[in-house]
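Scroll down for the structure; my scribbles are underneath it.
The values are calculated or read from the model by the stated rules, or taken from the named source; none is laboratory data. All values reported here derive from a predicted model rather than from experimental measurement. Please note: Cβ atoms are built from the backbone with ideal geometry, for glycine as well, and neighbour counts cover all protein chains shown.
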Amino acid sequence: MLAIIARHAESLNNRGDVQHPDTDLSETGWQQTQRLARRLASLTIRAVYSSPYRRALQTALPVAAAHDLPVRLRGELCEAHIGTTLDLASFQLPDAAALQREFTRAVPDPDAPDAAAWPPLIESIEQVVARQRALIAHLRARWTDESDLVVLIGHGLPVARFIETWLLDAPGPAFRFIMVNAAINCLRDVGGVRSLLCLNECSHLVDLPPPHGGVFTPTGAFRTEPPKWYW
């Protein structure tokens with residue numbers, strides 16, 4: 001199988017316009033979603049999965065709509081609020097039913113309805129890794145053909161840990177990946193041989209404003225100026 005996983009497009013929080021755990025996309029973020037959907041439009045996608053946070057859902061919906069697919073909600077893709085300065089005391093993430101009323105294409109994953117039980121807001125890095133491992137195990141059991149392609153939209157830290165966990169059977173070093181908004185990361189599993197085919201492929205974004213703290217090179221690569229790391 002193949003898995004394309006992406007960090008959500010740029011949010012208002014990323015832009016520095018608001019400080020809230022569950023923000024909408026910025027104007028640039030909305031443009032990024034359209035570019036991402038067009039980039040993936042010619043592929044045969046079997047399923048689209050998303051975190052239940054607004055910025056992730058708003059990124060996943062155009063991809064799913066282009067293929068007439070639902071967006072399958074998965075708690076494992078939720079944001080990880082490790083080291084956050086945001087006020088979480090009064091925050092509660094909407095449940096799956098509320099999200100489906102607002103985003104009609106969003107549904108609890110029919111293959112695993114219990115995946116719509118969101119993880120706690122405060123977790124350890126070990127818990128974040130464990131939920132990525134559980135999601136990957138589900139995907140490998142569900143999509144067994146070499147040609148099966150799924151798309152997942154999450155957040156910087158969980159996406160980085162998903163990539164690491166895809167490649168490693170046992171917990172290993174926490175690789176520091178710069179997860180660029182709406183960039184493509186492609187992973188493959190053929191006969192148990194797991195590969196990373198591309199990391200932060202950004203050619204569909206090069207003429208849009210770059211993320212804060214960096215620039216796109218002419219080839220579509222992202223370079224930090226100065227370095228800024230995203231877990």
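Is it fair to say R194 is basic (K, R), in contact with a Lys or Arg (Cβ under 8 Å, 6 or more places away or on another chain) and either in a loop (DSSP other than H, G, I, E, B) or at pLDDT 95 or above (or both)? Break it down into steps so the answer makes sense when it comes.
Working: basic (K, R): yes; in contact with a Lys or Arg (Cβ under 8 Å, 6 or more places away or on another chain): yes; either in a loop (DSSP other than H, G, I, E, B) or at pLDDT 95 or above (or both): yes.
It is true that R194 is basic (K, R), in contact with a Lys or Arg (Cβ under 8 Å, 6 or more places away or on another chain) and either in a loop (DSSP other than H, G, I, E, B) or at pLDDT 95 or above (or both).
List, please: which pairs have Cβ atoms under 7 Å, are six or more places apart or on different chains, and start with a residue in region 183-212 that is in contact (Cβ under 8 Å) with a residue 12 or more places away in the chain and end with one that is among the acidic types (D, E) and not in a strand (DSSP E or B)?
From region 183-212, the pairs are V190/E146; P211/E10.
Filter region 23-52 down to residues that are of a type in the set (A, V, I, L, M, F, W, C) and part of a helix (DSSP H, G or I) and give me whichever is farthest from D111 (Cα to Cα).
Initial filter on region 23-52 (of a type in the set (A, V, I, L, M, F, W, C)): 25, 30, 36-37, 40-41, 43, 45, 47-48.
Now restrict to residues that are part of a helix (DSSP H, G or I): 30, 36-37, 40.
Numbers: W30: 29, L36: 26, A37: 24, L40: 23 Å.
Once the filter is applied, the top-ranked residue is W30.
For L121, which of the numbered conditions (1) exposed (fewer than 15 other Cβ atoms within 10 Å of the Cβ); (2) in contact with a Leu (Cβ under 9 Å, 6 or more places away or on another chain); (3) farther than 24 Å from V48 by Cβ fails to hold?
(1)
Within region 178-191, can you find the residues that are in a loop (DSSP other than H, G, I, E, B) and out of contact with any strand residue (DSSP E or B) (no Cβ under 8 Å at 6 or more places or on another chain)?
From region 178-191, those in a loop (DSSP other than H, G, I, E, B) are 178-180, 182-183, 191; that's our starting set.
Hit for region 178-191 is G191, nothing else.
Within region 139-172, how many residues are more than 28 Å from H81 (Cβ to Cβ) and surrounded by 17 or more Cβ atoms within 10 Å (Cβ to Cβ)?
So the answer is 3.
Among (1) under 12 Å from Y53 (Cα atoms); (2) surrounded by fewer than 12 Cβ atoms within 10 Å (Cβ to Cβ); (3) not small (G, A, S), which single condition is L99 missing?
Unmet for L99, out of (1) under 12 Å from Y53 (Cα atoms); (2) surrounded by fewer than 12 Cβ atoms within 10 Å (Cβ to Cβ); (3) not small (G, A, S): (2).
Only residues that are within 19 Å of V18 (Cβ to Cβ) and either of a type in the set (S, T, N, Q) or buried (at least 23 other Cβ atoms within 10 Å of the Cβ) (or both): list them for region 76-94, please.
Matches in region 76-94: E79, T84, T85, S90, Q92.
Taking V107, is it surrounded by 16 or more Cβ atoms within 10 Å (Cβ to Cβ), touching a residue at least 12 places away in the same chain (Cβ under 8 Å), under 17 Å from the mean Cα position of the chain (by Cα) and under 25 Å from L168 (Cβ atoms)? Even if it seems obvious, please write down each step before you answer.
On the way: surrounded by 16 or more Cβ atoms within 10 Å (Cβ to Cβ): yes; touching a residue at least 12 places away in the same chain (Cβ under 8 Å): yes; under 17 Å from the mean Cα position of the chain (by Cα): yes; under 25 Å from L168 (Cβ atoms): no.
Answer is no for this residue.
Can you pull out the residues in region 125-177 that are assigned to a loop (DSSP other than H, G, I, E, B) and in contact (Cβ under 8 Å) with a residue 24 or more places away in the chain?
So the first thing to find is which residues in region 125-177 are assigned to a loop (DSSP other than H, G, I, E, B), and the list is 143-148, 155, 168-177.
Once the filter is applied, which keeps residues that are assigned to a loop (DSSP other than H, G, I, E, B) and in contact (Cβ under 8 Å) with a residue 24 or more places away in the chain, region 125-177 yields W143, T144, D145, E146, S147, D148, H155, P171, A174, R176, F177.
Looking at (1) more than 18 Å from the chain's Cα centre (by Cα); (2) exposed (fewer than 14 other Cβ atoms within 10 Å of the Cβ); (3) modelled with pLDDT under 95, which one does T44 not meet, given that it meets all the others?
Unmet condition: (3).
Out of curiosity, is L73 surrounded by 15 or more Cβ atoms within 10 Å (Cβ to Cβ) and over 25 Å from I125 (Cβ atoms)?
Working: surrounded by 15 or more Cβ atoms within 10 Å (Cβ to Cβ): yes; over 25 Å from I125 (Cβ atoms): no.
Answer is no for this residue.
Considering only region 202-222, I want to know if a residue exists there that is in contact with a Cys (Cβ under 6 Å, 6 or more places away or on another chain), surrounded by fewer than 17 Cβ atoms within 10 Å (Cβ to Cβ) and at pLDDT below 90.
There is at least one residue in region 202-222 that is in contact with a Cys (Cβ under 6 Å, 6 or more places away or on another chain), surrounded by fewer than 17 Cβ atoms within 10 Å (Cβ to Cβ) and at pLDDT below 90.
Being buried (at least 18 other Cβ atoms within 10 Å of the Cβ), among the acidic types (D, E) and over 19 Å from L187 (Cα atoms) is the requirement here; does E126 meet it?
Working: buried (at least 18 other Cβ atoms within 10 Å of the Cβ): no; among the acidic types (D, E): yes; over 19 Å from L187 (Cα atoms): yes.
It is false that E126 is buried (at least 18 other Cβ atoms within 10 Å of the Cβ), among the acidic types (D, E) and over 19 Å from L187 (Cα atoms).
Looking only at region 1-22, count how many residues are assigned to a loop (DSSP other than H, G, I, E, B), of a type in the set (A, V, I, L, M) and surrounded by fewer than 22 Cβ atoms within 10 Å (Cβ to Cβ).
Going residue by residue through region 1-22, those that are assigned to a loop (DSSP other than H, G, I, E, B) are 1, 8-10, 16-22.
Restricting the remaining residues to those that are of a type in the set (A, V, I, L, M) gives 1, 9, 18.
Next, only the ones that are surrounded by fewer than 22 Cβ atoms within 10 Å (Cβ to Cβ) stay: 1, 18.
Looking only at that region, the number is 2.
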